[in-house]
1. Just one of the numbered conditions (1) surrounded by 15 or more Cβ atoms within 10 Å (Cβ to Cβ); (2) modelled with pLDDT under 95 is not true of Leu95; which one?
2. Can you report the number of residues in the range 82-114 which are among the basic types (Lys, Arg) and over 18 Å from Lys3 (Cβ atoms)?
3. Quick one: is Ser68 polar (S, T, N, Q), more than 13 Å from the chain's Cα centre (by Cα), within 13 Å of the ligand (Cβ to nearest atom) and not in a helix (DSSP H, G or I)?
4. Working only within the range 19-50, note down all residues that are in a helix (DSSP H, G or I) and more than 13 Å from the ligand (Cβ to nearest atom).
5. Confirm whether Leu72 is loosely packed, with under 15 Cβ neighbours inside 10 Å and touching a strand residue (DSSP E or B) at 6+ places or on another chain (Cβ under 7 Å).
6. Might you check whether a residue that is at pLDDT 95 or above, aliphatic (A, V, I, L, M), out of contact with any Lys or Arg (no Cβ under 8 Å at 6 or more places or on another chain) and more than 22 Å from Val132 (Cα to Cα) occurs anywhere in the range 28-44?
7. Would you check which residues across the range 119-140 are in a loop (DSSP other than H, G, I, E, B), within 14 Å of the ligand (Cβ to nearest atom) and farther than 14 Å from Asp94 by Cα and list them?
8. Tell me which residues, restricted to the range 72-96, are in a loop (DSSP other than H, G, I, E, B) and more than 14 Å from the ligand (Cβ to nearest atom).
Amino acid sequence: MNKAVYPGSFDPMTLGHLDIIKRASKIFDELTVSVLDNHSKTPLFSVDERVNILKEATKDIPNVKVESFSGLLVDYAREKDFKVSIRGLRAITDLEYELQIAQTNRMLSSGALDTLFLTTAAEYSYLSSSGVKEIASFGGDILGCVPRFVADLVYAKYGIDKHDDLAGEVHNEQK
Ligand code: ADP
């Protein structure tokens with residue numbers, strides 16, 4: 001079976017991530033989206049919350065699985081027999097960092113793990129999880145950046161009250 005892993009922080013998953021997931025799921029028989037449990041970052045959402053968000057967002061794509069991992073991607077990939085890691089490229093600024101990771105993973109895995117880059121859909125090229133969090137923390141509108149149920153969860157984390165009847169309108173009254 002032709003399978004791949006899409007690793008990342010997904011804190012939270014954005015429409016840009018979802019676009020990559022949909023496209024990669026058409027290229028591979030099975031795609032595993034895997035949330036990295038990275039202790040060096042302080043996430044907004046726990047690993048379980050991030051996994052649940054991804055499961056909910058991909059529930060209609062039958063060949064997508066969601067799980068989490070900790071430690072080195074190469075060790076996890078060897079254990080699960082993944083030969084391809086998917087990463088998204090938004091702009092040239094992603095390239096240097098992503099190339100470094102891709103080459104390191106090839107070296108650490110003795111060539112067993114390759115990285116396949118998908119270029120982001122142009123409409124999502126500006127999107128990042130950190131941007132979404134920053135906008136939401138100030139009560140800004142993130143409805144064009146993440147699915148609606150994710151926006152609700154992000155606002156809830158910041159204690160921001162939003163009126164559902166005003167599509168796209170966000171009120172930043174603190175609870
Ligand atoms: P990481 O902390 O591993 O960079 P992210 O969750 O930020 O995790 O991103 C996971 C992957 O998704 C990375 O390859 C990143 O470049 C890609 N990505 C992030 N945002 C987008 C986007 N808007 N469109 C396409 N790919 C994206």
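1. If we test Leu95 against (1) surrounded by 15 or more Cβ atoms within 10 Å (Cβ to Cβ); (2) modelled with pLDDT under 95, just (1) comes out false.
2. Summing the residues that are among the basic types (Lys, Arg) and over 18 Å from Lys3 (Cβ atoms) in the range 82-114 gives 2.
3. Judged against the criteria, Ser68 is not a match.
4. Passing the criteria: Ser25, Lys26, Ile27, Asp48, Glu49.
5. Taking the combined requirement at face value, the residue does not satisfy it.
6. Scanning the range 28-44 turns up no residue that is at pLDDT 95 or above, aliphatic (A, V, I, L, M), out of contact with any Lys or Arg (no Cβ under 8 Å at 6 or more places or on another chain) and more than 22 Å from Val132 (Cα to Cα).
7. Ala121
8. Asp81, Phe82, Lys83
The values are calculated or read from the model by the stated rules, or taken from the named source; none is laboratory data. Just so we're clear, the structure is a prediction, and the values are computed from it rather than from any experiment. Don't worry about glycine lacking a Cβ; one is built from the backbone with ideal geometry, like all the others, and counts go over all protein chains shown.
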